[in-house]
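Engineer: Got a structure for you, questions after.
The values are calculated or read from the model by the stated rules, or taken from the named source; none is laboratory data. These numbers come from a predicted model, not from an experiment. For neighbour counting, all protein chains shown are included, and Cβ atoms are generated from backbone atoms with ideal geometry for every residue, glycine included. We work out accessible area using only protein heavy atoms, side chains counted, and drop any ligands, DNA or RNA first. Shrake-Rupley method; radii C 1.70, N 1.55, O 1.52, S 1.80 Å.
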Amino acid sequence: RLRQSVDRGELVRMLGSGLADLAFDRSPTHSSLQTVARMNEQLHLVVPAGHPLLDLPHRDRPEAIEGYPFATYSPGMRSRDLVQRWAAKAGAVITPQIESRSVAVLKDAVLGHGAIGILPSMSVSCEIQTGKLILAEISDMPLVRTTVIAARQGEERSPRTRALVEELIIGCAKRFGEAAEVHWAMPPSDQPPR
């Protein structure tokens, strides 16, 4: 079972009480949890097929972003901070018209409303393969964000945890290649480090 929460305190309580076995959290995770593995995700600037930004030379794209609707993460989220740091470095002014904690909402804003967005490759891989979304080549992309896979203390080497992390490592490598790399933070004691 998978349950989504935007409240780190709730994640910690669920793990501590045994209601959850693992949490996917931003790095660094809560000090009461043990980091088992890390997943590095690539985030790309994406636009719908036919977007006018694609007609511009790569060097002109950062400045042009200001003229289009932009969909991004809600204020206070680490992913939003990552996008803001990229914009400042690239010389892009972003004025978000759509802000959400939900990647699905942000993807819909790009697909259905012509917004520009910076989204995880894993979330848009199908739309990129079918040509509905296009990776807009631009300076300092892709961004990389790290997600921690955490367990409560003492459960980090359980067979369930080991099995899930191994499945994630294999599955992400097959489906996403370098777009999402999962690796052990603390290899199981009977396996060599990866």
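Engineer: Can GLY18 be described as within 18 Å of the chain's Cα centre (by Cα) and surrounded by fewer than 20 Cβ atoms within 10 Å (Cβ to Cβ)?
Structural biologist: Criteria not met by GLY18.
Engineer: Evaluate region 74-88: report whether one residue or more is part of a strand (DSSP E or B) and in contact with a helix residue (DSSP H, G or I) (Cβ under 7 Å, 6 or more places away or on another chain).
Structural biologist: The answer is no; no qualifying residue exists.
Engineer: Pull up region 9-47, narrow it to residues that are of a type in the set (Ser, Thr, Tyr) and touching a residue at least 24 places away in the same chain (Cβ under 8 Å), then point me to the one that is farthest from THR130 (Cα to Cα).
Structural biologist: SER32
Engineer: Can we say TYR73 is out of contact with any Asp or Glu (no Cβ under 6 Å at 6 or more places or on another chain), at pLDDT 90 or above, hydroxyl-bearing (Ser, Thr, Tyr) and open to solvent by 40 Å² or more (accessible area, probe 1.4 Å)?
Structural biologist: no
Engineer: Something else now. Output the number of the condition that ALA163 fails; it satisfies all remaining conditions of (1) in contact with a helix residue (DSSP H, G or I) (Cβ under 8 Å, 6 or more places away or on another chain); (2) at pLDDT 80 or above.
Structural biologist: Exception for ALA163: condition (1).
Engineer: Return only the number of the condition from (1) in contact (Cβ under 8 Å) with a residue 40 or more places away in the chain; (2) open to solvent by 50 Å² or more (accessible area, probe 1.4 Å) that GLY50 does not satisfy.
Structural biologist: Status for GLY50: all satisfied but (1).
Engineer: Determine which single condition ARG160 fails, assuming it passes every other condition in (1) surrounded by 15 or more Cβ atoms within 10 Å (Cβ to Cβ); (2) over 20 Å from the mean Cα position of the chain (by Cα).
Structural biologist: Of (1) surrounded by 15 or more Cβ atoms within 10 Å (Cβ to Cβ); (2) over 20 Å from the mean Cα position of the chain (by Cα), only one is false for ARG160: (1).
Engineer: Let me ask something else. Pairs needed: first member in region 112-135, in a strand (DSSP E or B); second member anywhere, of a type in the set (D, E, K, R); C-beta distance under 7 Å; at least 6 residues apart or different chains.
Structural biologist: LEU119/LYS107; PRO120/GLU41; LEU133/GLU127
Engineer: Going residue by residue through region 112-121, is there one that turns out to be out of contact with any strand residue (DSSP E or B) (no Cβ under 7 Å at 6 or more places or on another chain) and open to solvent by less than 40 Å² (accessible area, probe 1.4 Å)?
Structural biologist: Looking for residues that are out of contact with any strand residue (DSSP E or B) (no Cβ under 7 Å at 6 or more places or on another chain) and open to solvent by less than 40 Å² (accessible area, probe 1.4 Å), one finds none in region 112-121, hence no.
Engineer: Which of the residues spanning region 124-136 are surrounded by fewer than 21 Cβ atoms within 10 Å (Cβ to Cβ) and within 18 Å of the chain's Cα centre (by Cα)?
Structural biologist: SER125, CYS126, GLU127, ILE128, ILE134, LEU135, ALA136
Engineer: Would you confirm, using the coordinates I've provided, whether LEU143 is within 30 Å of ARG13 (Cα to Cα), of a type in the set (A, V, I, L, M, F, W, C) and crowded, with 16+ Cβ neighbours inside 10 Å?
Structural biologist: The answer is no for LEU143.
Engineer: Additional query: For the condition within 20 Å of LEU133 (Cβ to Cβ), loosely packed, with under 12 Cβ neighbours inside 10 Å and within 22 Å of the chain's Cα centre (by Cα), what is the one hit in ALA88, ALA104?
Structural biologist: It is ALA104.
Engineer: Then there is this: Give the number of residues within region 24-62 that are within 12 Å of ALA136 (Cα to Cα), part of a strand (DSSP E or B) and of a type in the set (A, V, I, L, M).
Structural biologist: Counting residues in region 24-62 that are within 12 Å of ALA136 (Cα to Cα), part of a strand (DSSP E or B) and of a type in the set (A, V, I, L, M) gives 4.
Engineer: Quick one: in region 163-176, of everything that is open to solvent by 20 Å² or more (accessible area, probe 1.4 Å) and touching a residue at least 40 places away in the same chain (Cβ under 8 Å), which residue is farthest from LEU119 (Cα to Cα)?
Structural biologist: Here the answer is LEU164.
Engineer: Can you name every residue in region 28-47 that is open to solvent by less than 50 Å² (accessible area, probe 1.4 Å) and either at pLDDT 95 or above or closer than 28 Å to ALA90 by Cβ (or both)?
Structural biologist: The answer is MET39, ASN40, GLU41, GLN42, LEU43, HIS44, LEU45, VAL46, VAL47.
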